[in-house]
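A quick write-up on the structure given underneath.
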Amino acid sequence: MGELEQAVWSPTKLKPTDSRIGPGTKVVAYCCGVFLLPDDKTLCVLVGRSKPLVPDAWISSTLKASADALLLEHQTKVAEFDDAISRKRQDNEDFYGRHSAMKKFEGFAQAQLAMKSQFQRPVVTAERLRTFMLRAVKFPQPTSGDTEKLARSAISAVAASGWPPSRDGNYAGILPGTAGHRAQGLVSWAPHSGLPSYPEVRWAVQRRLPAALRKPRSEQIGSPNFDTGAQPVEDSVQVQGFVPEANDLKDSLDDLQLDQIGDRDRVDGVRSDLKGQGFEAIAWFQPYHVWTEETWGIYFDARKLDDLALSFLDDFKSENVNGSHSLAALLAFGLTYAHELFHARVEAALSWLEINAQQPRHLRYQDRVYQALRETPDWLEEALANWSAWDWFKAPSIRSLVTRMASNIEGLDRVVEGALDLAPPGYREWRLGHHAATWRTFANQLSTANPKINSTSIGLPLESALTGPLPYDFQHADIPLRFVGSGVIADRLQSHPSTFNVPPRRELERALKRFHHSLDASGGKGGHQKWTGPDQRAFILPTRDPVSPGVFKTFLHHVGIDKATYVRQVRPNL
């Protein structure tokens with residue numbers, strides 16, 4: 001309370017610089033957050049003059065409930081203690097009233113009771129709430145307003161905290177309204193306590209082993225095999241990565257109806273493309289070793305994805321499968337995504353090898369193995385990528401799902417097998433994924449950049465780099481996923497809250513304007529823009545594209561909405 005009263009009177013803290021606070025003035029302050037600082041025993045209580053737009057932003061409902069339970073428990077103990085003291089005091093009065101000879105000891109008994117009341121009274125601390133509190137560090141806020149200097153100051157504080165970095169790269173910064181002398185900022189995140197995350201591995205390669213990257217890295221998007229839509233990258237929306245166990249994909253595709261105009265020509269065309277380029281006719285993976293941070297990831301040709309789903313609908317008829325448009329869309333997206341995700345896993349495995357050996361691996365493998373074996377039966381990366389698509393389809397959760405969505409599951413198996421077989425050499429050898437020796441051979445190709453294992457050798461036991469428990473934490477959502485052009489499936493995935501991830505930067509600029517923010521030309525520096533709202537609160541928007549999940553989450557917090565509201569109410573009106 002003393003710290004709070006002091007802050008109210010301090011112009012560098014809560015007191016408005018242009019206001020007088022006289023005797024009797026009512027001062028209202030809001031508790032915005034409670035954070036645990038790096039020494040693991042000091043709490044930072046954040047108090048402000050403005051009521052938080054999102055009450056649970058910095059104080060979770062779990063923390064509130066736990067604090068309420070702790071306080072109730074404490075109040076019960078205090079009531080019981082006070083009752084016990086009261087009874088003891090009454091007992092003393094009765095005893096000395098009945099025994100006048102003992103009256104001379106009454107003062108001593110009262111003193112003992114007073115000491116017990118003072119020193120044994122129950123106390124409450126926040127110790128039991130520690131696990132529910134957000135972690136944060138303080139850092140000096142530059143008075144210049146230089147956002148680049150501000151970021152460096154925050155990064156230095158995070159590095160000096162001793163806590164692990166965030167798993168998803170999300171850090172939330174909180175700044176005081178006025179950057180006065182000795183003003184402090186706060187940066188909060190959830191430290192990752194598990195295996196090293198793939199984003200951390202990826203950045204370690206870029207920082208510690210720049211020779212492993214192509215110079216310069218490409219900034220354009222486009223399939224490696226053929227020209228596709230010329231949609232600028234800044235207009236490409238990112239969606240969430242999927243896991244086979246999740247129902248998000250099914251939920252977002254429910255009741256979908258494909259556009260069947262010209263379906264015969266489109267079906268014939270996509271089958272011809274599959275025969276010539278495999279699933280790379282539908283989607284492709286751009287590795288970060290070759291493409292920039294803004295352009296790496298998985299890309300789908302939205303129109304071709306619809307065409308593939310139409311091809312599955314046609315196959316349903318020939319195999320007597322009673323399947324819906326939603327099922328066809330699920331197969332088209334799921335099989336292609338699983339194929340491309342395998343390419344991302346290959347780059348992840350090579351990244352792990354690189355930081356262990358401190359030597360480039362990815363570019364060497366691409367030149368000496370992948371390109372050397374292109375369109376031959378020994379093109380194992382494409383064979384195993386197709387095997388991964390089949391493995392996705394046969395996963396118990398997907399199997400249960402498609403069994404409920406279609407009749408004649410044996411016919412559906414033949415439809416999927418036919419799609420995997422309709423491919424160039426390498427791709428159509430996908431059944432090699434059944435054999436453990438195939439995975440050992442491929443892992444040796446990654447490690448040695450040698451297409452062939454010596455005929456007298458069984459190869460190094462390295463296959464667990466792809467098949468076993470990984471020594472790092474790789475998640476599907478670590479890989480950016482975007483669409484080029486428009487299509488029915490792509491539009492649905494980009495407009496459903498469960499699959500929408502982050503918007504492109506230009507879209508977020510339009511959203512800021514919709515919330516009556518204006519661009520402050522003098523406020524942003526370096527790679528940032530400063531947008532000021534009608535309440536004079538500023539939002540800093542990085543100019544990189546697409547925006548990160550952390551920036552988008554901060555935007556939602558800033559305007560006081562959730563992702564579902566943004567997707568369903570804000571986005572359609574931009």
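For this structure, a couple of remarks:
- When SER197, SER193, SER188, SER153 are checked against the criterion of being in contact with a Leu (Cβ under 7 Å, 6 or more places away or on another chain) and of a type in the set (Ser, Thr, Tyr), a single residue qualifies: SER188.
- Residue satisfying condition, being assigned by TED's automatic domain parsing to the domain that holds LEU274, surrounded by 15 or more Cβ atoms within 10 Å (Cβ to Cβ) and not in a loop (DSSP other than H, G, I, E, B), within set LEU470, LEU462, LEU432: LEU432
This table checks each residue for (1) loosely packed, with under 13 Cβ neighbours inside 10 Å; (2) farther than 30 Å from LEU46 by Cα; (3) outside the structural domain of CYS44 (by TED's automatic domain parsing).
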{"residue": "ALA69", "(1), (2), (3)": "yes, no, yes"}
{"residue": "THR76", "(1), (2), (3)": "yes, no, yes"}
{"residue": "LYS103", "(1), (2), (3)": "yes, yes, yes"}
{"residue": "PRO122", "(1), (2), (3)": "no, no, yes"}
{"residue": "PHE139", "(1), (2), (3)": "no, no, no"}
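- Of the residues making up the range 124-137, just one is among the basic types (Lys, Arg) and exposed (fewer than 13 other Cβ atoms within 10 Å of the Cβ), namely ARG130.
Matching residues to (1) of a type in the set (Phe, Trp, Tyr); (2) within 27 Å of PRO164 (Cα to Cα); (3) touching a residue at least 40 places away in the same chain (Cβ under 8 Å):
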site: MET1; (1), (2), (3): no, no, no
site: THR25; (1), (2), (3): no, no, no
site: PHE35; (1), (2), (3): yes, yes, yes
site: LYS41; (1), (2), (3): no, yes, no
site: LYS51; (1), (2), (3): no, no, no
site: SER61; (1), (2), (3): no, yes, no
site: HIS74; (1), (2), (3): no, no, yes
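- Only one of ARG505, ARG510, ARG571, ARG537 that is over 17 Å from the mean Cα position of the chain (by Cα) and farther than 30 Å from ASP259 by Cα: ARG537
- Here the helices (runs of 4 or more DSSP H) wholly within the range 287-393 that include at least 2 residues being assigned by TED's automatic domain parsing to the domain that holds GLN475 and over 22 Å from ILE453 (Cα atoms) are 302-318, 325-357.
- Filter result for ARG182 (touching a strand residue (DSSP E or B) at 6+ places or on another chain (Cβ under 6 Å) and in contact (Cβ under 8 Å) with a residue 60 or more places away in the chain): no
- Restricting ALA154, ALA159 to residues that are within 29 Å of the chain's Cα centre (by Cα), modelled with pLDDT of 90 or more and either among the hydroxyl-bearing types (Ser, Thr, Tyr) or buried (at least 16 other Cβ atoms within 10 Å of the Cβ) (or both) narrows the list to ALA154.
- Residue in the range 255-272 that is in contact with a Lys or Arg (Cβ under 7 Å, 6 or more places away or on another chain) and more than 21 Å from ARG414 (Cα to Cα) present: yes
- Sole residue being touching a Pro at 6+ places or on another chain (Cβ under 7 Å) and either at pLDDT 85 or above or outside the structural domain of PHE342 (by TED's automatic domain parsing) (or both), chosen from ASP491, ASP535, ASP545: ASP545
- Qualifying positions in the range 198-239 - in a loop (DSSP other than H, G, I, E, B), out of contact with any Phe, Trp or Tyr (no Cβ under 7 Å at 6 or more places or on another chain), modelled with pLDDT under 90 and not aliphatic (A, V, I, L, M): GLU219, GLN220, GLY222, ASN225, PHE226, ASP227, THR228, GLY229, GLN231, PRO232
- Here LEU195 passes the criteria (1) in a helix (DSSP H, G or I); (2) touching a residue at least 60 places away in the same chain (Cβ under 8 Å) except the one numbered (1).
- Only listed residue being at pLDDT 95 or above and of a type in the set (Lys, Arg), chosen from ARG368, ARG399: ARG368
The values are calculated or read from the model by the stated rules, or taken from the named source; none is laboratory data. Keep in mind the model is a prediction, meaning the values are calculated, not measured. Every residue, glycine among them, receives a Cβ derived from its backbone with ideal geometry; neighbour counts consider all protein chains shown.
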